[in-house]
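First the structure, in the form of structure tokens, and then the observations on it.
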Ligand SMILES: Cc1cc2nc3c(=O)[nH]c(=O)nc-3n(C[C@H](O)[C@H](O)[C@H](O)COP(=O)(O)OP(=O)(O)OC[C@H]3O[C@@H](n4cnc5c(N)ncnc54)[C@H](O)[C@@H]3O)c2cc1C
């Protein structure tokens, strides 16, 4: 399927008028896990908040990307949990120690469970939280209802307004034409750091050696899956399955016959809140950058080509999938890695793996460094030691060179390896909450976030139920 050719020239656009919405204290751009955390927290800290989002619903990768499990935010236990594996569709317990994130995340999970849209983290789920994407959309809206946060959906940030003191607004493309939203403080939760980049904040992309980023994945759900048949197959072939991934021997058969050429080493799939539906994370789209519209177009086409192969493979080769069918794919192929905005501190792999502590800690995190090979097959996993968690400092949310701006979620300041840990949704929501609190304090005290004292952010986060106690 041909993709529109890349541009060969540029042209100057005519000037245009934009409509300007009334000023807010805090403007949050992007309504994914980080943006939900930031908007909730800023409002709870007393700010008048506008939350702008490209799609017509909240959740980001959790909904548009169909990424249906909140990664474990529990420390790993000192003893192996191999023997206490409860399910063949969830990881071998990837937690079981102490939870290190609470705050907005804990409220979201509680409400999702009350709405029948998620399972609590437990040995059975491997301490991850499987959830239903429609329940996530509804629950996120319910949580914001009554907080005073004003929503602007179908609004794509395409530029910024700067004045002498730093950023003062964001330009959105909408069906109503260009709209400008102004605010004292802006929080970039676009995942890609779009707003920070438009404002001139410096950033890095990809591995130090070659600039390559982790691959993209078009997630999909299959329905009419027979768990009992699948379970009995993998129980009889324990070397073929580790709880969420495997089936290499069956894949090899299909590869040899020319029926499968997906550049992944194995099949990665997760159970969902419904026993007859599985969430499949097995497409791998390499050599694409999630901030390049031509690459994004190619990724959607390639993702669907791989889904066609994978669904045929699963039905033909894998017991339990005989009658399964493709129920849904992501609204968009989801992106693991793009811009890392340079902040006052750059979190490193060493900080993650040594479980480093910082005085200006705003969130704890435990997810391993998890790098899907940018070039094709292979996945690198480096775990944090048992019982330990690392700190994310406030300085990682403070972009260099731009005032009145914070970043949160996947685009905070860190190296390619550190991002491979802090990119997951619970951590993104926690950095979002911290950015929202810092933004609210900055707006209330008429200062740029860079000058906000970290202890003030920490005490408001603790008041809002975040975990910031000292970990081992
Ligand atoms: C295939 C895959 C599997 C993953 N698996 C897991 C997993 O199992 N568990 C886990 O916890 N994490 C997982 N992750 C990681 C996780 O989903 C993301 O890193 C996380 O969602 C980042 O949160 P965020 O809020 O920073 O960004 P996003 O979730 O990407 O949200 C960004 C939001 O901003 C909006 N936006 C973007 N640009 C603009 C713009 N210019 N204007 C307006 N709005 C904009 C988007 O529409 C979106 O709603 C996975 C990621 C991928 C790609």
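The values are calculated or read from the model by the stated rules, or taken from the named source; none is laboratory data. Just so we're clear, the structure is a prediction, and the values are computed from it rather than from any experiment. Positions of Cβ are backbone-derived with ideal geometry, glycine not excepted, and every protein chain shown enters the neighbour counts.
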task = Could you tell me which numbered condition residue 379 fails, if it satisfies all but one of (1) in contact (Cβ under 8 Å) with a residue 40 or more places away in the chain; (2) surrounded by fewer than 24 Cβ atoms within 10 Å (Cβ to Cβ); (3) away from the ligand (no atom under 13 Å from the Cβ)?
result = (3)
Scan of region 249-265 for residues that are under 20 Å from residue 324 (Cα atoms) and surrounded by 19 or more Cβ atoms within 10 Å (Cβ to Cβ), ordered by number = 250, 251, 254, 260, 262
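Out of the residues in region 420-435 that are part of a helix (DSSP H, G or I), in contact with a helix residue (DSSP H, G or I) (Cβ under 8 Å, 6 or more places away or on another chain) and within 16 Å of residue 348 (Cβ to Cβ), which is farthest from the ligand (Cβ to nearest atom)? Break it down stepwise before answering.
Going through region 420-435, the residues part of a helix (DSSP H, G or I) turn out to be 420-422, 425-435.
Now restrict to residues that are in contact with a helix residue (DSSP H, G or I) (Cβ under 8 Å, 6 or more places away or on another chain): 421-422, 425-435.
Next, from what is left, pick out any that are within 16 Å of residue 348 (Cβ to Cβ): 421-422, 427.
Values: 421: 11, 422: 9, 427: 8 Å.
In this case the residue turns out to be 421.
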query = Name the residues in region 250-295 that are in contact with a helix residue (DSSP H, G or I) (Cβ under 6 Å, 6 or more places away or on another chain), away from the ligand (no atom under 16 Å from the Cβ) and closer than 24 Å to residue 70 by Cα, would you?
reply = 275
Region 5-31 - residue that is within 15 Å of the ligand (Cβ to nearest atom) and part of a strand (DSSP E or B) and, of those, farthest from residue 410 (Cα to Cα) = 21
request  = For region 136-163, enumerate the residues that are more than 22 Å from the chain's Cα centre (by Cα) and over 30 Å from residue 273 (Cβ atoms).
outcome  = 148, 150, 159, 160, 161, 162, 163
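Mind counting the residues in region 233-254 that are outside any helix (DSSP H, G or I) and either farther than 24 Å from residue 92 by Cα or in contact (Cβ under 8 Å) with a residue 60 or more places away in the chain (or both)? Quick ask: steps written out before the conclusion?
Within region 233-254, the subset outside any helix (DSSP H, G or I) is 237, 241-247.
Filter once more, so that each one left must be either farther than 24 Å from residue 92 by Cα or in contact (Cβ under 8 Å) with a residue 60 or more places away in the chain (or both): 241-244, 247.
Summing the residues that are outside any helix (DSSP H, G or I) and either farther than 24 Å from residue 92 by Cα or in contact (Cβ under 8 Å) with a residue 60 or more places away in the chain (or both) in region 233-254 gives 5.
Within region 215-232, is even one residue closer than 20 Å to residue 24 by Cβ and in a helix (DSSP H, G or I)? Quick ask: steps written out before the conclusion?
Initial filter on region 215-232 (closer than 20 Å to residue 24 by Cβ): none.
No, the conditions are met nowhere in region 215-232.
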query = Counting only residues that are touching a residue at least 60 places away in the same chain (Cβ under 8 Å) and in a helix (DSSP H, G or I), which one in region 311-328 is nearest to residue 227 (Cα to Cα)?
reply = 314
task = Check residue 174 against each of (1) within 14 Å of the ligand (Cβ to nearest atom); (2) in contact (Cβ under 8 Å) with a residue 24 or more places away in the chain and name the one condition it does not meet.
result = (2)
task = Among the numbered conditions (1) at pLDDT 95 or above; (2) touching a strand residue (DSSP E or B) at 6+ places or on another chain (Cβ under 7 Å); (3) within 25 Å of residue 274 (Cα to Cα); (4) more than 15 Å from the ligand (Cβ to nearest atom), tell me where residue 88 comes up short.
result = (1)
request  = Could you please tell me which pairs satisfy a Cβ distance under 7 Å, a separation of 6+ or placement on different chains, a first residue in region 145-169 that is touching a residue at least 24 places away in the same chain (Cβ under 8 Å) and over 21 Å from residue 32 (Cβ atoms), and a second residue that is within 15 Å of the ligand (Cβ to nearest atom) and assigned to a loop (DSSP other than H, G, I, E, B)?
outcome  = 162/199
key: Lone qualifier among 34, 52 - being crowded, with 24+ Cβ neighbours inside 10 Å, within 15 Å of the ligand (Cβ to nearest atom) and over 17 Å from residue 430 (Cα atoms)   = 52
query = Any idea how many residues of region 337-370 are part of a loop (DSSP other than H, G, I, E, B), touching a residue at least 60 places away in the same chain (Cβ under 8 Å) and under 23 Å from residue 405 (Cα atoms)?
reply = 9
